[in-house]
Amino acid sequence: MTAFIVRRLFWTLPVILIVIFFTFVLMRQIEGNPFRTSERNVPESIQQNLEEKFGLNDPWYVQYAKYVKGVFTLDLGPSLVLRGRDVNDIVREHFPESLELGGLAMLFALVVGIPLGMLSALRANSFLDYTAMFFSNVGFAIPSFLVATLLIYFFALQWGDVFGFPTSGWTTWQSKVLPSLALGLGPMAYFARLTRGTMLETLQQDYIRTAKAKGLRWRRIVAVHALRNSLIPVVTAAGPILGFLITGSFIIEQIFAIPGIGRYYVTAVTGRDYSVVMGLTVLLSIIVILANLVVDILYGILDPRTREART
Amino acid sequence: MRQKRRKQFTLLGLATILALLVTACAGGGDDGQQTAADGIITINWSSEPPSLDPGLATDTTSSNVLNNIMDPLVKLEGENLAPTPALAESWDVLDGGKTVVFHLRSDGRWTNGDPVTAEDFEYSWKRTLSPELAADYAYQFSSIVGADDYNGCEKNCDAMRDKVGVEAVDDRTLRVTLANPTPWFLQQMAHHSFLAVHQPTVERFGEKWTEAANIVTNGPFQLDAWEHNSRIDLVKWDEWRNAADVSLERVNGRMISEGTTAVQAFEAGEVDETGAIGGLPPEEMPRLKELPEYEQTPSLATYYYGVNVENVPDVNQRRAMALAIDRQSIIDNIAQADQLPASGFTPSGMPGFDTINPVSEFLPAAGDIVRAKELMEQVESPVTDITLVINDAPGHREIAVAVQDMWSELGIDAKIEQQEWAQFLEALGPPPTKTTDVYRNGWVGDFVDAYNFLELWTCDSGNNNSNYCNEEYDALLQQAISVPDDAERYETYAQMEELLFGPEGDMPILPIYFYTNVSLQRESIKETFNLNLLDQFDLTKVVEGDDSGDEDA
């Protein structure tokens, strides 16, 4: 197992290099000037001062080499637009918010989604099943920004006195509820449907019938034998979804005015803040790589066959 | 048996969901809600300021924060935004306007106790000009002798630094030498670029000197907290020279950039003001305008369509295009914030406006489609396929579609090309890209003189995106700035406007409207929370009154 993890970690290096290369090339292919933020043009001499200061007048390969060196020495460089702030500062100050938001959304999705799916499977084709699946389908179909707007409208504004949720921000625990629900609803619905499907399939398996015939308690059959095998596809999906929740929450961060990195990411792309875009892309790709690694490790725990095949 | 077990599972599941809901619903929010007149208000800064360094700041948020935490030499007061003494108690204009000597008050203090001196200003201005700082707004200092040379220097920079025309004669006397008489120089002093910074703090903390823990300021409020992309809180500084006149104790500030969320935060009582920076969402305007908290003030800014005159060379076609636009209808049906229809470029509110930009009979607010068609018929080779470039901010597309429809009556087939901001700026140039025939744009004043607007359409202006060049126009501008007499200068500006937008005008741009600033302000502060023409608010003047009954909102 250790050898497997080390090997996987080693392989992240070339992946990160490729990510840096493509981001570097793509960012410079699109038009735009990081120093021009308004309709006011930047005078030529001032533009030169700025390019000199940020090393943008070096040949591209020098800039690229400097950047790669920076990444591997954990120095992601200064922001070109937010003067006096380094990408390291932005990651340090704002990544925890995104991580927390993604984590809470994931928690909500798993804690509600899996039991809901189980319930539906155990009571397949009942009223409860239809209701749960109806809401899951709706939850899956509505985009998060609409969910967010509706949640704010009803729970912070219309019934704000009852629920006490603020419309925006990321300070008190109340302020964290609506964004986490808005972000987690889609994955929750997805997990519920996935769990229901695989659970139904598992319950048809011979070994379940055998377990029943042997007189095992139903609760034990479901909790130990059925659930464990039903969770494998959920775990497969959970890795990328966790990565997506942590990295792809910019719409929710924007709507709820949460100071996470997603907000910076979007502003940086539209403002052509090259170093911030690069730094955050590298960070986010590392998260996705790590999330996938965790999934592979969990596989091994859930299904010993895959573990043996790898070591 | 099995049924029973299933029930247990069902109950377990339901209990989990219920537990989650109950936890989620418990408790009451108290996030920044202030209703009593306790001298504490919460406003919406809208977005993270890229910098709070006066030398580096370029946006409205930074400008408003800085104007309230720093003390300028000169403040702009009254409807005409006349320069009035602030940290400078008086000034002398000498040498026919080429030298200005400021006399500083003796009681200016930095928050660490140091006195504010003329040396602070000399240091700060030269710092902003230094090529190492690479300040975007260094051009603000261009009228000062030697400023551009130092800013653009490659060698002998120290010598050039010494030649810049700003000198602290003694602790309280600052002498500024200008290359030419600059009639608006005093107004310009109120711009945040000309604020002083505290040298020991800047040198000690480097680029991090503006963080709340490090910053040393000299204005009515102190920077209490700056949580990036989240909040900027100001607290009254009791030792400021006029602290006795400041009513507010604390101004908390959120950064909610999403317009709809900001309005909802206002309606939920979380913020007492939103929109002054960042505006209100256009799609909600009809509803918001009816609220008692709605406030609207004129801005020194013009919304216009620029024409790439190389692509649309016939002046009659440009005149026809201007006349075909029903600007009043655009204001009433799309923009909806009672903007004023523009028949020229210098915006309403500018000193001398009535002379410079009088009511135009040629360009009526509702347009003149009959005359437009007549003019279009005189065009020998009309350009009927027009690419209209706009950026993707809310509201622009709707106006473009309306204009597209209006121009179709002239036989013009306009194609709307919507671009994101950075890409849009590249299309503007100058010069504009070859495929750009017409572009949407706005110009917001930096200082209060029509020069700030009319200079745009000179041949060499760095912001002339229309390829327009008329030497007669340029000569008039030179003539205007050589006369110190205001009335005479306004007359010359009026001739320039006529040259662009009169019946015989060249029409390189098609004016649409003069902006208004729209915001929501809690009724308790609405009387005293005032924005000037430059969209700046002075928190020292805000006094909380009675909140006339929207506490349930």
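We did not get these values from a lab; they are worked out from the coordinates using the rules stated. These numbers come from a predicted model, not from an experiment. Glycine gets a Cβ as well: all are built from the backbone with ideal geometry, and neighbour counts include every protein chain shown.
Regarding chain B, what is the average projected area of its C-alpha convex hull, in nm²?
Across all orientations, chain B yields a mean hull projection of 33.0 nm².
If you place +1 on the Cβ of every Lys and Arg, -1 on the Cβ of every Asp and Glu, and leave all else neutral, what size is the dipole of the range A:186-244 about its Cα centre, to the nearest 20 Debye? Present the calculation step by step, with values, prior to reporting the outcome.
Numbers: 9 positive and 2 negative charges, 73 e Å.
The calculated dipole for the range A:186-244 is roughly 360 debye.
Within 10 Å of each Cβ of B:442-452, how many other protein chain Cβ atoms are there on average? Show your work: numbers first, answer last.
Details: counts 2, 2, 3, 0, 1, 0, 0, 0, 0, 0, 0.
Partner Cβ neighbours, averaged per residue: 1.
Just in the range B:93-167: which GluC sites (Glu not before Pro) are loop by DSSP and have at most 13 other Cβ atoms within 10 Å?
Here the GluC sites (Glu not before Pro) that fit, given the DSSP loop and packing criteria, are B:Glu132, B:Glu154.
Pull up all non-local amide H partners of B:Ile386: gap of 5 or more, or a different chain, and H-to-H distance under 5 Å with H placed in the peptide plane.
Amide H neighbours of B:Ile386, under 5 Å, 5+ apart: B:Asp413, B:Ala414, B:Lys415.
What's the exposure ranking of A:Met188, A:Met133, going from fewest to most Cβ atoms within 10 Å?
Numbers: A:Met188 26, A:Met133 18.
Arranged by neighbour count, lowest to highest, A:Met188, A:Met133 become A:Met133, A:Met188.
May I ask for the net charge around B:Gly462, where only other residues with Cβ less than 9 Å from the Cβ of B:Gly462 are counted and Lys, Arg are +1 while Asp, Glu are -1? The partial results should precede the final answer.
Values: positive: A:Arg40; negative: A:Glu44, B:Asp460.
Here the charged neighbours net out to -1.
If Lys and Arg each add +1 and Asp and Glu each add -1, what is the summed charge of the other residues whose beta carbon sits under 12 Å from the beta carbon of B:Pro341? Mind dumping the intermediate values first?
Details: positive: B:Arg327; negative: B:Asp326, B:Asp332, B:Asp338.
Once positives and negatives cancel, what remains is -2.
Determine the distance separating the Cα centre of the range A:195-272 from the Cα centre of the range B:214-274; give it in Å without decimals.
Centre-to-centre distance over Cα atoms comes out at 42 Å.
At a 10 angstrom cut-off on C-beta neighbours, averaged per residue, how do the peptides B:346-358, B:471-483 rank from highest to lowest?
Working: B:346-358: 20.8, B:471-483: 15.5.
With the highest mean Cβ count within 10 Å placed first, the list reads B:346-358, B:471-483.
Hey, got the average number of other protein chain Cβ atoms within 10 angstrom for residues in A:154-161?
Values: counts 0, 2, 8, 6, 2, 1, 8, 4.
For peptide A:154-161, the averaged partner shielding equals 4.
What is the fewest-to-most order of A:Leu302, B:Leu234, B:Leu288 by other Cβ atoms lying within 10 Å of their Cβ? Present the calculation step by step, with values, prior to reporting the outcome.
Values: A:Leu302 15, B:Leu234 24, B:Leu288 20.
Ranking A:Leu302, B:Leu234, B:Leu288 by Cβ neighbours within 10 Å, fewest first, gives A:Leu302, B:Leu288, B:Leu234.
Per-residue mean of other chain beta-carbon atoms within 10 angstrom of the beta-carbon, peptide B:253-266? The partial results should precede the final answer.
On the way: counts 0, 3, 5, 7, 5, 11, 0, 5, 11, 3, 2, 10, 8, 1.
Average neighbour count from other chains, rounded to a whole number: 5.
With only Lys, Arg, Asp and Glu charged, each at its Cβ (+1 for the first two, -1 for the last two), find how big the charge dipole of chain B is about the Cα centre; round to the nearest 20 debye.
Working: 38 positive and 93 negative charges, 439 e Å.
That gives a dipole near 2100 debye.
Note down the relative contact order for the range A:96-269 as a percent, whole number, built from C-alpha pairs under 8 angstrom at least six residues apart. Show your work: numbers first, answer last.
Details: 228 pairs, mean separation 61.5, N = 174.
Relative CO of the range A:96-269 lands at 35 percent.
Helix by helix, which DSSP H runs in chain A go 15 Å or more along their axis at the Cα atoms and have an average Kyte-Doolittle hydropathy of -1.0 or more? List each step's numbers first, then the result.
Details: long enough: A:2-29 (41 Å, 1.65); A:60-72 (18 Å, 0.05); A:87-122 (49 Å, 1.09); A:127-141 (21 Å, 0.97); A:173-203 (40 Å, 0.41); A:227-247 (29 Å, 1.40); A:274-302 (42 Å, 2.25).
What comes out of the filter, once short or polar helices are dropped, is A:2-29, A:60-72, A:87-122, A:127-141, A:173-203, A:227-247, A:274-302.
Roughly how compact is chain A, stated as its Cα Rg over 2.2 N^0.38 Å to two decimals? Could you put the intermediate results ahead of the total?
Working: Rg = 23.8 Å, N = 311, 2.2 N^0.38 = 19.5 Å.
Compactness ratio reported: 1.22.
Using Cα-Cα distances under 8 Å and only pairs 6 or more residues apart, what relative contact order does chain B have, in percent?
Details: 1093 pairs, mean separation 101.0, N = 553.
The normalised contact order for chain B reaches 18 percent.
Please report, ordered by residue number, every helix of chain B (full DSSP H runs) that is 24 Å or longer along its axis going by C-alpha atoms and whose mean Kyte-Doolittle hydropathy reaches 1.0. Write down the numbers at each step before the final one.
On the way: long enough: B:2-25 (34 Å, 0.48).
Once both thresholds are applied, nothing remains.
Which whole number in µm²/s is D for the protein assembly as shown by Stokes-Einstein, with the Kirkwood Rh taken over Cα pairs at 4 °C and 1.567 mPa s?
Taking Rh from Cα pairs, D becomes 43 µm²/s.
Based solely on its DSSP helices, what 222 nm [θ] is calculated for chain A when runs of n ≥ 4 H residues each add -39,500 (n - 2.57) and the sum is averaged over all residues, nearest 500 deg cm²/dmol?
Numbers: 14 runs with 226 residues, N = 311.
Theoretical 222 nm ellipticity from helices: -24000 deg cm²/dmol.
Using alpha carbons only, what's the Rg to Rh ratio of the range B:327-412 with Rh from Kirkwood? Could the numbers behind the result be given before it?
On the way: Rg = 14.9 Å, Rh = 14.9 Å.
So for the range B:327-412, dividing Rg by the Kirkwood Rh gives 1.00.
In deg cm²/dmol, rounded to 500, what helix-only [θ] at 222 nm does chain B give when every DSSP H run of at least 4 residues adds -39500 (n - 2.57) and the total is split over its residues?
Values: 19 runs with 166 residues, N = 553.
It lands at -8500 deg cm²/dmol.
Nearest-5 percent of antiparallel DSSP beta bridges in the protein assembly as shown?
Numbers: 53 of 69 bridges.
Given both bridge residues lie in the protein assembly as shown, the antiparallel proportion sits at roughly 75 percent.
Divide, for the range A:1-118, the radius of gyration over alpha carbons by 2.2 N^0.38 Å, where N is the residue count. Walk me through the intermediate numbers first.
Values: Rg = 20.1 Å, N = 118, 2.2 N^0.38 = 13.5 Å.
In units of the globular-protein estimate, the range A:1-118 measures up at 1.49.
Could you state the principal axis extents of the C-alpha atoms in the range B:107-181, from the largest down, to the nearest angstrom?
Cα extents, longest axis first: 38, 27, 21 Å.
Please arrange A:Ser45, B:Ser299, A:Ser144, B:Ser90 by counting, for each residue, the other beta carbons lying within 10 Å of its beta carbon, fewest first.
In order of increasing Cβ crowding within 10 Å: B:Ser90, A:Ser45, A:Ser144, B:Ser299.
Which whole-Hz ³J(HN,Hα) couplings does the range B:77-89 yield from phi under the Karplus relation 6.51 cos²θ - 1.76 cosθ + 1.60, θ = phi - 60°, glycine and proline marked x?
10, x, 5, 8, 6, 6, x, 10, x, 10, 6, 8, 7
Determine the relative contact order of chain A: mean sequence separation of Cα pairs under 8 Å and six or more apart, normalised by residue count, in whole percent. Working shown, then result.
Values: 363 pairs, mean separation 84.1, N = 311.
Averaging sequence separation for qualifying contacts and normalising by length gives 27 percent for chain A.
Listed highest first by mean packing, meaning other Cβ atoms within 10 Å per residue, what order do B:63-74, B:448-459 come in? Show your work: numbers first, answer last.
Working: B:63-74: 23.9, B:448-459: 22.0.
Ranking, from highest mean packing down: B:63-74, B:448-459.
In a shell of Cβ-Cβ distance under 11 Å around A:Lys176, excluding A:Lys176 itself, what net charge do Lys and Arg (+1) and Asp and Glu (-1) give?
Numbers: positive: none; negative: A:Glu97, A:Glu100.
For residues surrounding A:Lys176, the net value is -2.
Taking the range B:406-464, which trypsin sites (Lys or Arg not before Pro) meet the DSSP loop condition and have no more than 14 other C-beta atoms within 10 Å?
Details: sites: B:Lys415, B:Lys434, B:Arg440; in loops: B:Lys434.
Here the trypsin sites (Lys or Arg not before Pro) that fit, given the DSSP loop and packing criteria, are B:Lys434.
Please state, as a whole number in µm²/s, the translational diffusion coefficient that the Stokes-Einstein equation yields for the range B:52-200 at 25 °C and 0.890 mPa s, with Rh defined as the Kirkwood radius across alpha carbon pairs.
Working: Rh = 15.5 Å.
In µm²/s, the coefficient is 158.
Quick one, what does Rg over Rh come out to for the range B:152-296 if you take C-alpha atoms and the Kirkwood Rh?
Working: Rg = 21.0 Å, Rh = 19.6 Å.
Looking at the range B:152-296, the ratio lands at 1.07.
So what does the Cα-only Debye profile of the range A:96-269 read at q = 0.08, 0.09 Å⁻¹, as log10 I(q)/I(0), no solvent term?
Debye output, listed in q order: -0.30, -0.37.
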